[in-house]
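> So that we are looking at the same thing, I have put the structure below in structure tokens.
The values are calculated or read from the model by the stated rules, or taken from the named source; none is laboratory data. Please read all numbers here as calculations on a predicted model, not as lab measurements. Neighbour counts are summed over all protein chains in view; Cβ atoms, including those assigned to glycine, are modelled from backbone coordinates with ideal geometry. Side chains included, ligands, DNA and RNA excluded: accessible areas come from the protein's heavy atoms. Shrake-Rupley method; radii C 1.70, N 1.55, O 1.52, S 1.80 Å.
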Amino acid sequence: MKKHATQTEGTSSPRRDFMKKMSLTGLSLGAGAALPVGQALAAPLIEDPWLKAQAIVDRLSVPLKFRQADYRITDFGAVTCELKTVKAWISFEAQDNLPTPVANSKDIYPAITEAIATCHKAGGGRVIVPSGNWFCAGPIVLLSNVNVHLQSGAHIYFSNNPEDYAKYGNFDCGLNGKLTISRWQSNDCLNFSPMVYAYAQDHIALTGDDWTSILDGQGGVPFDESGDCWWTWKGKQKTINSIGQGSTPNYKSGKRSENTPNELNAASLEKLAPQLDEKQRLRIQGEGDKWRADGSYLPALSEAGVPLGKRIFGLGHNLRPPMIQFIGCTNVLMQGYQVNNTPFWQHHPVHCRNVVIRNVMAKSHGPNSDGFDPEACDHVLIESCTFDSGDDCIAIKAGKNLDTQYGPSQNIVIQNCTMQSGHGAVTLGSEMAGGIQNVYAQNLLFENIHWDTDPLNTAIRLKTNMNRGGYLKNFFVRNISIPNGVQTSPSFYTSLPNSPIHSKTVATAAGAVITFDCDYAPVSDNVRTRAPVVDNVHISNVKVGNVATKKGKFSCYQAIVILGPVASDYNGDEKNPLVFPVTNVTISDCQFGTPVNADSPLYLYNVKGLELKNVKIGDKLHNSILSV
């Protein structure tokens, strides 16, 4: 099926028009490529990293000020809605009765859109959402110099009808709807609009009075009598031996999902990417038609160099939109509200500069409910937030496949936050093709209060593989408290055939306090030609407590798992590709509690010079330098 996007009229600016033109014609996307190894290894060592961290904090602590003018959405025709109770999913496996707007509730989308436009045109100010329940059947699109502010008790219920996010985008894609430039799992596309969105804007804010100021994505509320919801589109789970996430809400084999082949997608890349020779095309497509599932088809389009204007999803497809996504914006503030039950990632700033998220409660236990995923962003401060997630609490990203045009994520500080459930508390990757550097995490509480039923899988997590490439360097962590440990049983990803890492043998999906996984979910990627580089990581003062399990008092399954790049995964054309070990890692002044796997509390593969200094695991003190 041949698809082309037609741009429709909308709010415009020179920068916005330039970014769209570049993306749609493929000029910026076509420039993406794996980073040279020399560039990845060229990072200078930082003598005192915490001085640089403080400089980032100081720079981003200057208040973002707005014109003193308020625009209440009620002055533009918005009215509150009545609620009813429905049975809905609240996590992968659990249901409960939740409030949702009654049928035919008045939609505040027109009112809040007009209020934002009026505020923007007047020079900026605050758009006020008063206390009450509100139904919004379309995206809240921020414009420069506008602060959308939810007062205490304001609860916005976003429509759970996917069609409402294919009505207002700037690109008319025919039967697929009017779509928005988005990025889905680090690949660019035209797709459903996020619930809160901004593109190429400056000086914007999303704020609330407190955590009774709620943005509700209704990700687990059924679309209709079938019982399917946004989360159903996740499809089959791939993690082996997961806890509390063994199934997907209302999903059964054969239903539509992101990993079910979609007949609307091309049967071959031959016409979409005629510049590819047969060998390249078949490598990208892999065997069979699994690559035609939307979640695989989009990265295949990136790998094939297909421009954004032809990467059309939306209606008829199954790529859930992120809840809050800002692309190409500067001076961004998110503060003082709660977000619940998001269809996909909760917060996803892309290619933004000077970003602050502060005192936000990010709570969503559905599939892919990452709390905060800054991607290809420069200067980011994450502080005093609480994360309770169905996936990574924080996951720093930087592009995937050839979508590296925005460069690295860098100069990021995470401090004074609390993490509960989640896959990783602080995670880097897996999408990191553009590189990640200069990340500082300090003074964090990984409380893990749901340790018995929905545990934090791992605390400090790096994930990449031979598809991602890129680099991770200059990552500094200190002063971490984990009073209830992490998951005390192992979870795994399936390994490739003939890999030295056999399936169900290395607990990279869950069970370790510190996990470096450079062989992350390798069977999910057909193209494995870019070896990642991991260097200069320093972790200190991590304190882990034990919990009383049925088998005894334990803190984790293993203390440390570092699985470096696996050379046999490579399937490119080079006879002797450069595959470097994980290097220059120190772990010091840490107490890891008592691992279940007392005989093998550490797992190391392709690691050079790991230095353990004053590290206590169980009753044993470790002071050693290890290479495996």
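> Could you check how many residues of the range 145-201 are assigned to a loop (DSSP other than H, G, I, E, B) and of a type outside the set (S, T, N, Q)? Don't jump to the end; show me each part of the working.
Here is the first cut: in the range 145-201, the ones assigned to a loop (DSSP other than H, G, I, E, B) are 145, 151-153, 159-161, 166-170, 173, 177, 185-186, 192-195, 200-201.
Imposing the further condition that a residue be of a type outside the set (S, T, N, Q) reduces the set to 153, 166-169, 173, 177, 192, 194-195, 200.
Selection size over the range 145-201: 11.
> So, one more: Could you list, in sequence order, all residues of the range 161-170 that are open to solvent by 30 Å² or more (accessible area, probe 1.4 Å) and either of a type in the set (S, T, N, Q) or under 23 Å from the mean Cα position of the chain (by Cα) (or both)?
ASN161
> Here's something else I'd like to know. From the residues in the range 134-149 that are under 13 Å from GLU114 (Cα atoms) and aliphatic (A, V, I, L, M), which one is surrounded by the fewest Cβ atoms within 10 Å (Cβ to Cβ)?
LEU143
> I would also like to ask the following. Would you check if VAL79 is open to solvent by 30 Å² or more (accessible area, probe 1.4 Å), among the hydrophobic types (A, V, I, L, M, F, W, C) and closer than 15 Å to ALA154 by Cβ?
yes
> Right, next: For the range 216-275, name all the residues that are surrounded by fewer than 19 Cβ atoms within 10 Å (Cβ to Cβ) and outside any loop (DSSP other than H, G, I, E, B).
Answer for the range 216-275, where residues must be surrounded by fewer than 19 Cβ atoms within 10 Å (Cβ to Cβ) and outside any loop (DSSP other than H, G, I, E, B): ILE240, PRO261.
> Further question on the same structure: Only one residue in VAL607, VAL534 is over 25 Å from the mean Cα position of the chain (by Cα) and under 23 Å from ALA507 (Cβ atoms), so which one is that?
VAL607
> Follow-up question, since we're still on this one. Which count do you get for residues in the range 202-215 that are in a loop (DSSP other than H, G, I, E, B) and either open to solvent by 10 Å² or more (accessible area, probe 1.4 Å) or modelled with pLDDT under 95 (or both)?
Count: 4.
> What about ARG72, is it within 31 Å of the chain's Cα centre (by Cα), of a type in the set (Lys, Arg), closer than 23 Å to GLY208 by Cα and open to solvent by 60 Å² or more (accessible area, probe 1.4 Å)?
When the stated conditions are applied, ARG72 does not pass them.
Matching residues to (1) in contact (Cβ under 8 Å) with a residue 24 or more places away in the chain; (2) part of a strand (DSSP E or B); (3) under 21 Å from GLY208 (Cβ atoms); (4) of a type outside the set (Val, Ile, Thr):
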| site | (1), (2), (3), (4) |
| --- | --- |
| THR342 | yes, no, yes, no |
| VAL355 | yes, yes, yes, no |
| LYS363 | yes, yes, yes, yes |
| TYR406 | yes, no, no, yes |
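> Now a separate question. Right, ASP535: of a type in the set (Asp, Glu) and open to solvent by 10 Å² or more (accessible area, probe 1.4 Å) or not? Before the answer, list the steps.
Numbers: of a type in the set (Asp, Glu): yes; open to solvent by 10 Å² or more (accessible area, probe 1.4 Å): yes.
Yes; evaluated as a whole, the condition is true for this residue.
> LYS400: modelled with pLDDT of 95 or more, charged (D, E, K, R) and under 18 Å from ILE449 (Cα atoms), yes or no? If you could, list the steps in order and put the result at the bottom.
Values: modelled with pLDDT of 95 or more: yes; charged (D, E, K, R): yes; under 18 Å from ILE449 (Cα atoms): no.
The answer is no for LYS400.
> Quick one: count up the residues across the range 571-624 that are open to solvent by less than 70 Å² (accessible area, probe 1.4 Å) and not aliphatic (A, V, I, L, M).
Looking only at that region, the number is 25.
> So, one more: Just name the residue that is nearest to GLU431 (Cα to Cα) out of those in the range 458-509 that are in contact with a helix residue (DSSP H, G or I) (Cβ under 7 Å, 6 or more places away or on another chain) and among the hydrophobic types (A, V, I, L, M, F, W, C).
Selected residue: MET466.
> Of everything in the range 276-312, what is over 19 Å from ASN571 (Cβ atoms), of a type in the set (Gly, Ala, Ser) and part of a helix (DSSP H, G or I)? Give them in sequence order.
Across the range 276-312, the qualifying residues are GLY295, GLY309.
> Still on this model: Among the residues of the range 118-141, write down those that are out of contact with any strand residue (DSSP E or B) (no Cβ under 9 Å at 6 or more places or on another chain) and either under 29 Å from ALA88 (Cα atoms) or small (Gly, Ala, Ser) (or both).
GLY123
> Checking GLY390 against (1) of a type in the set (Gly, Ala, Ser); (2) in contact with a strand residue (DSSP E or B) (Cβ under 9 Å, 6 or more places away or on another chain); (3) more than 24 Å from SER491 (Cβ to Cβ); (4) open to solvent by less than 10 Å² (accessible area, probe 1.4 Å): exactly one of these is not met. Which one?
Condition (3) is where GLY390 drops out.
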